[in-house]
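These notes are about the structure you will find just below.
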Amino acid sequence: MMLNRRTLLGGSLASLAIVAGSRRSESQTPLADSCSTGKSGWNRPDDIHPDDSLFLWPDDALDIPDGLAEEIVQRSDDPLASDRIAQNIARPGLDIFRPDVPNGAAVIIAPGGGYRYCVIDKEGYELARFLRDRGTTVYVLFYRLPADGWANGKDVPLADAQRAVRLVRSRAELDRINPARVAFTGFSAGGHVAASLLTRFDTGVYDPVDSADAAPARPDALVAIYPVVSMDPAIAHIGSRDRLIGAKPDAALTALYSPEQNVRKDMPPLFLLHAEDDDVVPVANSKRLHEATSSIGTPVEAHYFEKGGHGFGLMKTAGLPVAIWPELLWSWMGAQKLL
């Protein structure tokens, strides 16, 4: 029987160690039971679990590559700071965080991971907790990865993003959300998923599979946090580019998968966040998208911080001005009338 993500995430750290080869011993306290006081620069809140999960696609809709079996890997040796990744995504899905009193807004989060894996805690569950505690219904998207053997691999992340928006809207009454108040957020390579959705929300990258696909895939607002954007080798995150479109893409393919080259006037409003000392994904990725979006008059708000590096999420911001970014995002969401 194939283990799914909720099964793996619901287990103790000892069981994760068997799956992932963690260096932690089985006698140590599971991360689910650890306290919330951070150390070593981490800012770790109380343990976070989704309230529900659902798969994006009907069981017979995907031709899963042979031998692809999902794994959860624990990367942190700090008992106060979980840092898990999901790799080999065989059944893409949404982990749902439901507030006690929904405000009607919905946010879909695409974590980063260089198109090699999806970061669970730092770029998924942490922001989900922040937004859920303020009344927002949150869906953390675990999307398919382009180099895992899928047919038309370069389009499977975008297909999953489009499907996620449509599926969330189709569940509006069930999840007590307003289908006209759906935002999409992406971190790092998940930021490329988001930026691709920004410019190609109506591109036909899959055939409709059920009634949910009648809903529009254009989000009502879009957030890109230290995003991979351009496939231009001068500023591209090479690992993401190589896994998505290959190491030697031609000019046409490079342009098609570079969202800053495909901006359009009917894009949703955009929020950008990046640290200028990011040595993994150059800040030029955000600045190019910012300039291109501004040039056609689409609303864009951008925040650039001197310090922060790459991959800070909510967990690695202690002592830095960039720690204020979730509040900036929350205020922007209010200004967009999502709240």
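Values as computed for the structure displayed
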| item | result |
| --- | --- |
| Selection within region 110-139 - part of a strand (DSSP E or B) and either surrounded by fewer than 24 Cβ atoms within 10 Å (Cβ to Cβ) or in contact with a Leu (Cβ under 7 Å, 6 or more places away or on another chain) (or both) | A110, V138, Y139 |
| Selection count where residues are more than 21 Å from G104 (Cβ to Cβ) and in contact with an Asp or Glu (Cβ under 9 Å, 6 or more places away or on another chain), scope region 211-235 | 6 |
| Count - residues of region 94-115 that are at negative phi and under 12 Å from the mean Cα position of the chain (by Cα) | 8 |
| Residue among L244, L222, L198 that is within 19 Å of G124 (Cβ to Cβ) and not in a loop (DSSP other than H, G, I, E, B) | L222 |
| Test: residue in region 247-257 that is in a loop (DSSP other than H, G, I, E, B) and under 28 Å from A323 (Cα atoms) | no |
| Test result for D100, in a loop (DSSP other than H, G, I, E, B) and at pLDDT below 90 | no |
| Yes/no for D175 being surrounded by fewer than 22 Cβ atoms within 10 Å (Cβ to Cβ), among the charged types (D, E, K, R) and free of Cβ contacts under 8 Å to residues at least 40 places away in the same chain | no |
| Residue list for region 142-165, restricted to those being part of a loop (DSSP other than H, G, I, E, B) and in contact with a helix residue (DSSP H, G or I) (Cβ under 9 Å, 6 or more places away or on another chain) | Y143, R144, L145, P146, A147, D148, W150, N152 |
| Restricting region 227-240 to residues that are touching a residue at least 12 places away in the same chain (Cβ under 8 Å) and not in a loop (DSSP other than H, G, I, E, B), the residue that is nearest to T185 (Cα to Cα) | S240 |
| Number of the exception - G204 against (1) touching a residue at least 60 places away in the same chain (Cβ under 8 Å); (2) surrounded by fewer than 24 Cβ atoms within 10 Å (Cβ to Cβ) | (1) |
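The values are calculated or read from the model by the stated rules, or taken from the named source; none is laboratory data. Since the structure is predicted, the reported quantities are computational estimates derived from the model, not experimental observations. Cβ: placed from backbone, ideal geometry, glycine included. Neighbour counts: every protein chain shown.
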